[in-house]
Amino acid sequence: MDTINQNQILQNLEISELNKMQIAAAKAIAKEDNIILLSKTGSGKTLAYLLPILHLLRPNIKTVQTLILVPSRELAIQIEKVWKKMGTGYKINLCYGGHDYKTEQRNLSHPPAILVGTPGRVADHISKFNFSLVNIQILVLDEFDKSLELGFQEEMDYIISRLRALNKRILVSATKNMNLPEFTGVKNPKMVDFLVEKTDEEESDLTIKLIKSPFKDKINSLFLLLCQLKAESALIFCNFRESVERTQQLLADQGLKTAVFHGGMDQEERENALILFRNGTLPILITTDLAARGLDIPEMKNVIHYQLPPKIAEFTHRNGRTARMNQKGTVFIILNSEEKIPGYLAELPEELVLSDFKELPNPPDFSTVYISGGKKQKINKIDIVGFFCQKGNIEKSDIGLIEVKDHSAFVAIKKEKVAGLLKSIGDEKLKGKSYKIKLLA
């Protein structure tokens with residue numbers, strides 16, 4: 001690919017230049033057959049391997065050329081989002097549990113250059129001969145350690161054993177010292193390791209505070225902390241789905257609305273929760289470790305460990321959601337008198353004593369409006385802004401983040417403008433068609 005096209009890709013991605021890790025990864029992937037890329041959450045690993053893979057794709061090949069295996073649908077969606085934003089012209093498709101199987105079959109009948117999927121679903125398609133394996137020369141195992149953790153060994157072994165044309169294997173992780181099973185076929189890999197220890201100066205970007213709860217049930221301490229943080233966004237981590245749901249309900253009982261995200265929710269519920277979180281409608285997200293990595297969510301100022309994970313790896317991944325790219329962030333650990341400081345914390349964090357003053361944070365400035373049409377109906381962000389401003393009698397400044405999906409769109413609108421907007425556009429058509437437009441949250 002020539003420099004002009006690469007510059008265009010960076011422009012499409014709204015970044016000025018590649019970082020050191022991405023440059024090193026590109027060089028290694030271009031030259032080596034086996035690569036292990038290690039870099040922290042949020043450092044740009046997806047682009048680090050997608051860009052050099054683009055150079056290796058051949059336009060005359062009309063079957064799948066690159067297979068990317070991931071542990072979760074959220075990571076698959078994030079990879080697709082980056083690739084589409086790059087504007088390469090090459091097709092990409094996703095396969096994962098919870099996605100409509102027949103839609104995936106139809107997509108695979110016109111094969112993509114890049115196929116991204118979870119091991120179980122990809123193995124299913126392979127067993128039914130839904131796509132050809134003969135031209136798959138590149139395999140990426142993204143968050144490989146997480147796939148092993150979730151028990152995908154058998155499916156990955158099955159898939160990789162059938163990829164006879166492979167000549168390049170790329171393993172990607174944010175964790176060191178991962179187990180490397182023989183079935184990967186990775187031999188004498190080139191290590192691109194950017195999981196370096198932070199300097200004292202860099203470490204100061206991340207502050208860790210300990211909050212001691214006087215009661216076994218820590219919900220009051222969490223509520224007081226959120227009141228103290230006022231309207232700042234926050235990720236609250238719990239260890240179990242049930243804990244997430246219970247914590248949301250207890251905070252709701254005290255008048256605080258939050259979003260939740262965990263593996264027990266269906267795909268639409270999870271995607272909607274992330275949309276409401278990203279656009280500021282619900283700036284507090286209570287989640288399991290599913291949100292510790294592989295998600296397209298904004299930079300966080302605050303990460304709260306309502307329950308500490310048993311292993312340092314997940315503690316590190318959670319904390320990686322804040323203090324990125326030279327920004328400052330704070331991690332809060334809430335413990336009651338019966339809980340012990342885990343061994344992976346080398347020293348006791350500074351204690352934060354909370355005020356007893358309870359004042360709910362100001363409500364969010366935005367609500368979210370749902371539109372029942374999206375990319376497949378040729379609707380884009382410009383169409384939505386024009387329609388809402390012209391027919392809904394609002395200003396561009398009243399519109400926040402817009403996300404357009406295949407068959408739907410979600411628009412953040414200033415709360416005080418929503419009622420008037422919906423009333424004004426009640427009988428109006430968007431691009432000549434009637435769509436359901438309603439308040440989502």
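The values are calculated or read from the model by the stated rules, or taken from the named source; none is laboratory data. Predicted model only: the values in this text are computed from it and were never measured. Backbone-built Cβ (ideal geometry, glycine too); neighbour counts: all protein chains shown.
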Qualifying residues in region 35-68 (those that are surrounded by fewer than 18 Cβ atoms within 10 Å (Cβ to Cβ) and among the polar types (S, T, N, Q)) - the one modelled with the highest pLDDT
T63
What's the number of the only condition in (1) at pLDDT below 90; (2) under 16 Å from the mean Cα position of the chain (by Cα) that K301 fails to meet?
(2)
Is there any pair linking a residue in region 15-34 that is in the same structural domain as V82 (by TED's automatic domain parsing) to one that is exposed (fewer than 13 other Cβ atoms within 10 Å of the Cβ), with Cβ under 8 Å and at least six apart or on different chains, and which?
A30/H55; D33/N167; N34/K187; N34/N188
Test: A123 is crowded, with 17+ Cβ neighbours inside 10 Å and touching a strand residue (DSSP E or B) at 6+ places or on another chain (Cβ under 6 Å)
no
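Suppose the filter is modelled with pLDDT of 85 or more, part of a loop (DSSP other than H, G, I, E, B) and not assigned by TED's automatic domain parsing to the domain that holds I284; does E338 pass it?
No.
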Somewhere in region 95-113, is a residue surrounded by 20 or more Cβ atoms within 10 Å (Cβ to Cβ), under 19 Å from the mean Cα position of the chain (by Cα) and closer than 16 Å to I68 by Cα?
yes
Mind checking which residues of region 342-396 are under 18 Å from V411 (Cα atoms), in contact with a helix residue (DSSP H, G or I) (Cβ under 7 Å, 6 or more places away or on another chain) and without any contact (Cβ under 8 Å) to a residue 40 or more places away in the chain?
V385, F388, C389, K391, G392, N393, I394, E395, K396
Considering only residues that are in a loop (DSSP other than H, G, I, E, B) and in contact with a helix residue (DSSP H, G or I) (Cβ under 8 Å, 6 or more places away or on another chain), look in region 138-174 and name the one that is nearest to P189 (Cα to Cα).
L166
Any residue in region 389-403 that is surrounded by 14 or more Cβ atoms within 10 Å (Cβ to Cβ), out of contact with any Lys or Arg (no Cβ under 7 Å at 6 or more places or on another chain) and in a loop (DSSP other than H, G, I, E, B)?
yes
Qualifying position, being over 20 Å from L166 (Cβ atoms), of a type outside the set (A, V, I, L, M, F, W, C), assigned by TED's automatic domain parsing to the domain that holds E154 and in contact with a Pro (Cβ under 9 Å, 6 or more places away or on another chain), among G97, G89:
G89
Of all residues in region 342-359 being hydrophobic (A, V, I, L, M, F, W, C) and surrounded by 14 or more Cβ atoms within 10 Å (Cβ to Cβ), the one that is nearest to I312 (Cα to Cα)
L345
